[in-house]
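Peer 1: Take this structure first; my questions come after.
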Amino acid sequence: MSSKSNNQGRAYEFAYLITLYDEISKVRPAIIENNSNYIAAENAWHTLSDSEKDLYKISALAGVNTIFELEPLILDDGDDELELKIQSDDKGKAGDVRDVLIIRRGIEWEIGLSVKHNHFAVKHSRISKKLDFGKKWYGLECSKEYWDDIKPIFDYLDDEKSKGSKWSELTNKEDDVYEPLLNAFKNELDRQNKLYGKDIPKLMVEYLLGQFDFYKVIGIDNKKITRIQSYNLRGTLNKQGKSRKRNIEIPISNLPTRIVSIEFKPNSKNTLELYLDGGWQFSFRIHNASTKVEPSLKFDIQIIGMPTTIISIDCRWQI
């Protein structure tokens, strides 16, 4: 991710934080945790122009108003102080994809938002000659066959790195790198699925979507909408308040138990499509993450299909 994109992402998190604070403070006491992540987001916010700040706040307000309808406990009766905080990116690596937390300690309740600005990727996971994706993603080590399959590919990349080659100079990288690496990944998933059965689909989705329920809020500038998606896999979202009631009911989504298929995207050598039962579908596009060749690549992982129980709401901006 470029520094500009990173700044925009942090600034958008800050827009949500201050919008939540301003709107909640009209009804109940609220505080913002002033941690290092807050400072980083605030600094990113100050890199924006005034017109960009206005746009981000309009986008955030559209999302926040709908979150209030989904989560009555935010504004429900009570004298307890509500806390708001931005989490570090390291939390995402540890299985918590939520960027902004809304916490009421008095009733032992919290929800989180995964905040995205103009992009839909779920994960940008790395694949390299030493990284055991099975162990890192869901605690199950990759087989000897996998390491044997990827060794010649990364040996080739090591050789090109020693020459100072650029990725753009590898004229056959799709045939020499992308496709064989994806085949090795695909074959290892097949092996793990045969060994561990229904655990693999569940563990895969938990890795991709994290260990906590959350709302994904996506600001889509060119459409002037904020899209909210509910990931209520454990039933912790959408709780009723004492006096305030939810306006929209969010169902619980079941985790998958079966890999239906994993195949290359038609006419592509750099993208796999994973189809699971229950409507879960993901794409894994492999790409180089640097200008110069190195023995490490990245996945751009996106959701291309979701269960009908994942509610998606488009909130139009009030401009």
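Conditions tested, residue by residue: (1) free of Cβ contacts under 8 Å to residues at least 24 places away in the same chain; (2) outside the structural domain of Asn232 (by TED's automatic domain parsing); (3) of a type in the set (A, V, I, L, M).
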residue	(1), (2), (3)
Gly9	no, no, no
Leu17	no, no, yes
Ile24	no, no, yes
Pro29	no, no, no
Ile32	no, no, yes
Asn35	no, no, no
Ile39	yes, no, yes
Phe68	no, no, no
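Peer 1: Here is a follow-up. Given the residues Ser51, Ser59, Ser5, which is the only one that is at pLDDT below 95 and not in a loop (DSSP other than H, G, I, E, B)?
Peer 2: From the options Ser51, Ser59, Ser5, the qualifying one is Ser5.
Peer 1: Still on this structure, please answer the following. Which condition breaks for Asn270 when tested against (1) modelled with pLDDT under 95; (2) within 21 Å of Ile150 (Cα to Cα); (3) surrounded by 15 or more Cβ atoms within 10 Å (Cβ to Cβ)?
Peer 2: All conditions pass for Asn270, except number (1).
Peer 1: Scan (1) in the same structural domain as Asp132 (by TED's automatic domain parsing); (2) over 21 Å from the mean Cα position of the chain (by Cα) for the single condition Pro201 breaks and write down its number.
Peer 2: If we test Pro201 against (1) in the same structural domain as Asp132 (by TED's automatic domain parsing); (2) over 21 Å from the mean Cα position of the chain (by Cα), just (2) comes out false.
Peer 1: Looking only at the stretch 158-171, filter to residues that are more than 23 Å from Ser125 (Cα to Cα) and of a type outside the set (Lys, Arg); which one of those is surrounded by the most Cβ atoms within 10 Å (Cβ to Cβ)?
Peer 2: Residue satisfying both the conditions and the ranking: Ser165.
Peer 1: Just need a number here: residues in the stretch 74-99 that are surrounded by fewer than 21 Cβ atoms within 10 Å (Cβ to Cβ), touching a residue at least 24 places away in the same chain (Cβ under 8 Å) and among the hydrophobic types (A, V, I, L, M, F, W, C).
Peer 2: Qualifying residue count, the stretch 74-99: 2.
Peer 1: Scan the stretch 208-226 for residues that are touching an Asp or Glu at 6+ places or on another chain (Cβ under 8 Å) and in a strand (DSSP E or B) and jot them down.
Peer 2: Ile225, Thr226, listed by residue number.
Peer 1: So Gly278 fits all but one of (1) in the same structural domain as Ile107 (by TED's automatic domain parsing); (2) in a helix (DSSP H, G or I); what number is the exception?
Peer 2: Answer for Gly278: the failing condition is (1).
Peer 1: Here's something else I'd like to know. Among the candidates Glu188, Glu169, single out the residue that is within 17 Å of Phe299 (Cα to Cα) and either in the same structural domain as Asn270 (by TED's automatic domain parsing) or at pLDDT 95 or above (or both).
Peer 2: From the options Glu188, Glu169, the qualifying one is Glu188.
Peer 1: Provide a single number: the residues in the stretch 276-290 that are on the phi < 0 side of the Ramachandran plot, modelled with pLDDT of 95 or more and either within 17 Å of the chain's Cα centre (by Cα) or surrounded by fewer than 18 Cβ atoms within 10 Å (Cβ to Cβ) (or both).
Peer 2: 9
Peer 1: To continue, here is another question. Being modelled with pLDDT of 95 or more and surrounded by 17 or more Cβ atoms within 10 Å (Cβ to Cβ) is the filter; apply it to the stretch 234-249 and report the residue that is nearest to Glu71 (Cα to Cα).
Peer 2: Ranking the qualifying residues of the stretch 234-249, first place goes to Asn238.
The values are calculated or read from the model by the stated rules, or taken from the named source; none is laboratory data. In this text, all values refer to a predicted model and were calculated from it rather than measured experimentally. Neighbour counts run over all protein chains shown; Cβ positions are idealised from the backbone, glycine included.
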